[in-house]
Amino acid sequence: MNFTTSIVSTEAPSYGMIKTETQGRVAVITLDRPKALNALCNELFHEINDALSRFDNDAGVGAIVLTGSERAFAAGADIKEMKDADFISNYKNNFLGHWVEQISKTRKPIIAAVNGYALGGGCELAMMCDIIYAGEKAVFGQPEINLGTIPGAGGTQRLTHAVGKSKAMEMILTGSVNLSAQEAMSYGLVSGIYPPEKLLDEAIKTAAKIASKGAVSVQMAKEAINQAFELSLSSGLHFERRLFQGTFATKDQKEGMAAFAEKRKPNFVHE
């Protein structure tokens with residue numbers, strides 16, 4: 001089944017660097033700077049953040065897919081925009097802060113569908129998402145060291161969690177060791193690999209499956225998983241248990257368990 005053919009563009013707002021679409025309970029955000037290989041810049045991130053906030057607060061949306069083009073998810077940050085910046089202005093304006101804050105605050109699951117290059121900020125953007133699916137020719141890397149700087153939007157942190165210290169050190173310190181889709185899969189950076197032309201459909205299919213579950217429990221599960229990177233095991237287990245207990249105050253828990261006992265499909269109301 002081809003999911004992309006049934007996607008209907010939303011009417012508002014109008015963006016200049018991204019496209020937004022919906023299919024059922026799935027929202028799709030597509031980076032759209034083809035001449036720059038979707039290089040990341042302030043305006044682009046403001047648009048991404050606006051779309052994420054809008055979809056996160058839309059009760060009709062249960063999951064979000066973030067993607068680029070077949071040639072590039074995002075080939076890095078826009079160097080022309082940042083090359084003349086200085087420390088004081090960066091510090092005062094919290095440069096790159098808004099690149100990560102909205103995605104980190106988004107309660108609904110985000111699936112990155114990565115085709116082509118995901119380098120520098122592009123790799124970091126993919127890692128900000130909750131699940132990464134890769135096209136067969138996807139390439140992941142952090143080449144910032146070649147520009148006299150280091151990753152600044154999570155590369156040293158999220159990549160290390162994903163692939164381990166040694167491989168993260170090698171990739172970041174040399175700036176020349178990139179991961180193919182197959183290598184990224186072997187390290188656990190991505191969850192699935194698909195032909196480029198089928199990648200978006202597969203991401204939407206998974207997003208639709210997630211969106212069909214009870215929205216409250218999905219968001220609680222995402223929150224609990226993310227806390228595994230922040231808390232000690234004992235604190236994490238306590239946090240998880242409290243959220244689990246909290247699900248028993250929801251209509252969807254009552255419906256889900258009743259449906260299981262009655263051997264029927266649940267009808268979740270996302271409450």
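Values quoted throughout were computed directly from the atomic coordinates according to the rules given, and no laboratory measurement underlies them. This is a predicted model, so every value here is computed, not measured. Reconstructed Cβ throughout: ideal geometry from the backbone, glycine too, with neighbour counts over all protein chains shown.
For the listed residue pairs Lys108/Lys254; Lys167/Lys222; Lys19/Lys205; Lys137/Lys213, the alpha carbons are over 29 angstrom apart in Lys137/Lys213.
The GNM of the chain, with springs linking C-alpha atoms under 10 angstrom apart, assigns the highest mean-square fluctuation among Ser14, Ser104, Ser89 to Ser89. Amide H contacts for Val139 (H built 1.01 Å from N in the peptide plane; partners 5 or more residues away or on another chain; cut-off under 5 Å): Gly116, Tyr117, Ala118.
Would you please report the Å³ per residue occupied by the convex hull of the alpha carbon atoms in the chain?
Cα-based convex hull of the chain, divided per residue, equals 150 Å³.
3J(HN,Hα) along region 84-94: 9, 5, 10, 4, 4, 5, 4, 5, 4, 8, 6 Hz, from the Karplus curve 6.51 cos²θ - 1.76 cosθ + 1.60 with θ = phi - 60°, whole Hz, x for Gly and Pro. Taking Cα atoms only, the orientation of helix 215-227 departs from the longest principal axis of the chain by about 50 degrees.
Note: relative contact order over the chain, using C-alpha pairs below 8 Å and six or more positions apart, is 16 percent. Ranking of Val269, Val218, Val65 by neighbouring Cβ atoms within 10 Å, starting from the fewest: Val269, Val218, Val65. Specify the angular offset, from 0 to 90 degrees and rounded to the nearest 10, of the alpha carbon long axis of helix 251-261 from the longest principal axis of the alpha carbons in the chain. Between helix and principal axis, roughly 60 degrees. Springs between Cα atoms under 10 Å define the GNM used for the chain, and in it the highest mean-square fluctuation of Glu202, Glu144, Glu183 occurs at Glu183. Structure remark: mean-square fluctuation, Gaussian network model of the chain, C-alpha springs under 10 Å; the largest value among Thr67, Thr156, Thr247 belongs to Thr247.
Can you give the Kirkwood hydrodynamic radius for region 92-243, in Å, rounded to one decimal and based on Cα pairs? The answer is 16.5 Å. Percent of Cα pairs in region 19-115 per distance bin of 10 Å, from zero to the largest separation: 15, 44, 30, 10, 1. Our summary gives region 1-131 a relative contact order of 26 percent, counting only alpha carbon pairs under 8 angstrom and 6 or more residues apart.
Taking amide H positions as modeled 1.01 Å from N, with prolines and chain starts lacking one, the residues under 5 Å from Leu40 and 5 or more places away or on another chain are Gly76, Ala77, Asp78.
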